[in-house]
Amino acid sequence: MTTVTNRTSPTMESSQEKSEEEQEALLAEEGKTTTEPASAVQQINQTIPPQAMIYVYMVLFFGGMIAHEVACEAITNKFPKFIVAITLFQMSFCVLVPLAIAKGKGFENFPRTLKGILPYVHISLLVFGATTLACQAAVYLSYPTKVVFKSAKLVPTMVVATVWQGQRFTNLEYVAALLLCAGAAGYSYGSGGSHSSDGEDATPTTLVVLGIAFMVCSVFSDAIIPNYQKLLLNQGVPVTQLMINVNTIGAVTSLAYIVVTGQLFALLGAWHAHPELLFYLTCVGVSLSIAVWAYTKLIQATSSVVAVAVSTLRKVATMFLSYIIFPKPLLTIHIYSGCMVLLGVILSTVAKERMDSKK
């Protein structure tokens, strides 16, 4: 999943791809103060034991995010010309989810002046860039490489927090950042997105470098987003309202980009000729929405540690499925690099828990 977050601590583990990661954190915070509007869901919660519901949330989040990632990779591999459509469907469905939480009243507080809209435009452009660049990078890089780079988002987040807020970090966090950097660098080796019939990397080196540059820009955009959001949240903007405003502008921006660049008719033609494209795009939006809701409920029912653990396991499963469903070379350096990234994510989570326990 790239999109919106209210996380103020840069040590918090990045839960999801592209915008989907930000949606989880926002809804997790919103879930602490809002009640589930769907009576059918409330009835289910009342009939199923709480402990059993935790496993239900885990399965829904796990399955939803894996379906989302598989659908994204399928679009990237089969329909690389319509990458922006992924962003459009992600943001559109991430408007519907908070609207449901707000019982359809989210647009009542939508800013009416240019001055009021501009902050949300800035965030939307960052989200749009982070999501689109990450998806475009997956055309030139293997999809697991994209997952690894997204997992290493702690590094640029620490850089931005240091420059922007003058924040300092513990030695454990620096070790985690070092492992994430080393893992991302190692995994980018031989990570071309397309391969020849004999299994050799067929992506030109220049395009691989371009893909890595896209990913670096994407993760830095993700790192800047929370700082903009913190300014709005400190002004008293509700989390759900922030999601609605940002993703509404983002969805409109994505649609405008598709129209201006002449991709609209091509996209409609592709839907007609290849119905599976619409199916994949719908899966992207629906599965992300389900995963976001389940992640929110999981944090409510357990703790952030459990949620992060499930999220990390989801990333590992996504990478394994990527190699199975979309075969690609797996080098020894990729295995070691993946382990370093996993260890870095675990250390960053431990560091955050230590800081939280001292508060």
**Message:** Checking residue 113 against (1) buried (at least 16 other Cβ atoms within 10 Å of the Cβ); (2) among the polar types (S, T, N, Q); (3) over 30 Å from residue 210 (Cα atoms): exactly one of these is not met. Which one?
**Reply:** (1)
**Item:** Filtered residues of the stretch 282-297 (kept if under 15 Å from residue 85 (Cα atoms) and crowded, with 24+ Cβ neighbours inside 10 Å)
**Value:** 284, 288
**Asked** Within the stretch 215-226, is there a residue that is of a type in the set (Phe, Trp, Tyr), in contact with a helix residue (DSSP H, G or I) (Cβ under 7 Å, 6 or more places away or on another chain), modelled with pLDDT under 80 and closer than 24 Å to residue 129 by Cβ?
**Response** no
**Message:** Please pick out the residue among 74, 67, 85, 52 that is out of contact with any strand residue (DSSP E or B) (no Cβ under 8 Å at 6 or more places or on another chain), at pLDDT 85 or above, assigned to a helix (DSSP H, G or I) and over 20 Å from residue 141 (Cβ atoms).
**Reply:** 67
**Request:** Confirm whether residue 41 is of a type outside the set (Gly, Ala, Ser), in a helix (DSSP H, G or I) and at pLDDT 75 or above.
**Result:** no
**Complete:** Across (1) modelled with pLDDT under 80; (2) assigned to a helix (DSSP H, G or I), residue 328 clears everything bar (2)
**Message:** Looking at the structure I just gave you, is residue 139 touching a strand residue (DSSP E or B) at 6+ places or on another chain (Cβ under 6 Å) and not in a loop (DSSP other than H, G, I, E, B)?
**Reply:** no
**Message:** Considering only residues that are out of contact with any helix residue (DSSP H, G or I) (no Cβ under 7 Å at 6 or more places or on another chain) and more than 21 Å from residue 266 (Cβ to Cβ), which ones fall in the stretch 59-83?
**Reply:** 59, 63
**Among the candidates 185, 130, 138, 161, residue that is at pLDDT below 80 and within 15 Å of the chain's Cα centre (by Cα)** = 138
**Request:** State whether one or more residues within the stretch 101-118 are touching a strand residue (DSSP E or B) at 6+ places or on another chain (Cβ under 6 Å) and in a helix (DSSP H, G or I).
**Result:** no
**Item:** Among (1) modelled with pLDDT of 90 or more; (2) surrounded by 13 or more Cβ atoms within 10 Å (Cβ to Cβ); (3) closer than 23 Å to residue 73 by Cα - the single one residue 272 does not satisfy
**Value:** (2)
**Message:** When the residues of the stretch 231-266 are narrowed to those that are among the hydrophobic types (A, V, I, L, M, F, W, C) and crowded, with 21+ Cβ neighbours inside 10 Å, which ends up modelled with the lowest pLDDT?
**Reply:** 239
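The values are calculated or read from the model by the stated rules, or taken from the named source; none is laboratory data. Remember, it's a predicted structure, so these values are computed and weren't measured experimentally. In this analysis, Cβ positions are derived from the backbone assuming ideal geometry, glycine residues included, and neighbour counts consider all displayed protein chains.
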